[in-house]
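Trainee: Here's a structure for you.
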Amino acid sequence: MSRLALPCLASALALSACAGGTFRTPSDVPVRIGKPYVVRGATFVPAADPTYDMLGYASWYGSESGNRTANGERFRPDWITAAHTTLPLPTYVEVTALATGRRIVVRINDRGPFIPGPRIIDLSRGAAERLGIRAVGQAAVRVRRIEPSEAERRRLLKGKPTPELAPVSQPVLDRLRRQFEAAGMPVTGPTRRAAGR
């Protein structure tokens, strides 16, 4: 190889790295569970949970554009993604806003939130906008694991939202709100976004 070719090769490699060559292409395989890990003194144990169905608070994040997610993908704030502390990566969940009954399908590809308390999911900015909670920053939600259709998976893998879901029925929404408040958490919830993840 000539001396002239070496700098050209080095430049090409540097440009491919800047272009995101080291990021994993969004894919549903392999599914990664991961080993237990510790953040801020708290231990998290990832595990498959086909029946996951929880009530808690959702917050959102979006300033980390271009960072690597926990499963190696590039974080894109406008995509419909989320972070969860223990569900496998990726996992698909349906998130319901308890204040409005709006529902969206989200692809989990990152870890978080790591703030102590009843926050159970961090949505991307795009997911928060789609759910209608971006303005409040944090909202009462139901998060349940689902198996979306192949068409829905393909859309989310390309950063596009799935077709809009009908709001949850009023009787179901009333039941979820009662369960939430029985656990000592107001549905109106905190209105200011907690700092950090």
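Trainee: Within 10 Å, Cβ to Cβ, of Arg145, how many net charges do the neighbouring residues add up to if Lys/Arg are +1 and Asp/Glu are -1?
Mentor: -3
Trainee: What value in Å³ per residue do you get for the convex hull of the alpha-carbon atoms in region 46-182?
Mentor: Measuring per residue, one finds 106 Å³ for the Cα hull of region 46-182.
Trainee: For region 46-182, give me the percentage of DSSP beta bridges that are antiparallel, rounded to the nearest 5 percent.
Mentor: Close to 70 percent.
Trainee: How far apart, in nm, are the 7 Å Cα→Cβ label points at Ile146 and Asp78?
Mentor: Reported label-point gap for Ile146 and Asp78 is 2.4 nm.
Trainee: Quick check: pseudo-label points 7 Å beyond the Cα along Cα→Cβ at Ser27 and Met54, how many nm apart are they?
Mentor: 2.8 nm
Trainee: Kindly rank 74-85, 52-63, 29-40 from highest to lowest mean number of other beta carbons found within 10 Å of each residue.
Mentor: Details: 74-85: 21.8, 52-63: 19.4, 29-40: 10.8.
Sorting 74-85, 52-63, 29-40 by mean packing, highest first, produces 74-85, 52-63, 29-40.
Trainee: Could you list Val172, Val93, Val187, Val141 in order of exposure, starting from the residue whose Cβ has the fewest other Cβ atoms within 10 Å?
Mentor: Result, fewest neighbours first: Val172, Val187, Val93, Val141.
Trainee: Here is a further query. Stretched out fully, how many nm does the piece from Thr100 to Arg175 gain, at 0.36 nm a residue minus the Cα gap? Please report the intermediate quantities before stating the final value.
Mentor: Numbers: separation 75, 0.36 × 75 = 27.00 nm, distance 1.34 nm.
Gain on stretching Thr100 to Arg175: 25.7 nm.
Trainee: Give, as a single signed number, the net charge of other residues whose beta carbon lies under 14 Å from the beta carbon of Arg24, with Lys and Arg counted +1 and Asp and Glu -1.
Mentor: Combined, the nearby Lys, Arg, Asp and Glu give +2.
Trainee: If contacts are Cα pairs under 8 angstrom and at least 6 residues apart, what is the relative contact order of region 28-155 in percent?
Mentor: 32 percent
Since every read-out is calculated from the coordinates, none of them should be taken as a lab result. Predicted, not measured: the structure shown is a model, and the values here were computed from it. Cβ: placed from backbone, ideal geometry, glycine included. Neighbour counts: every protein chain shown.
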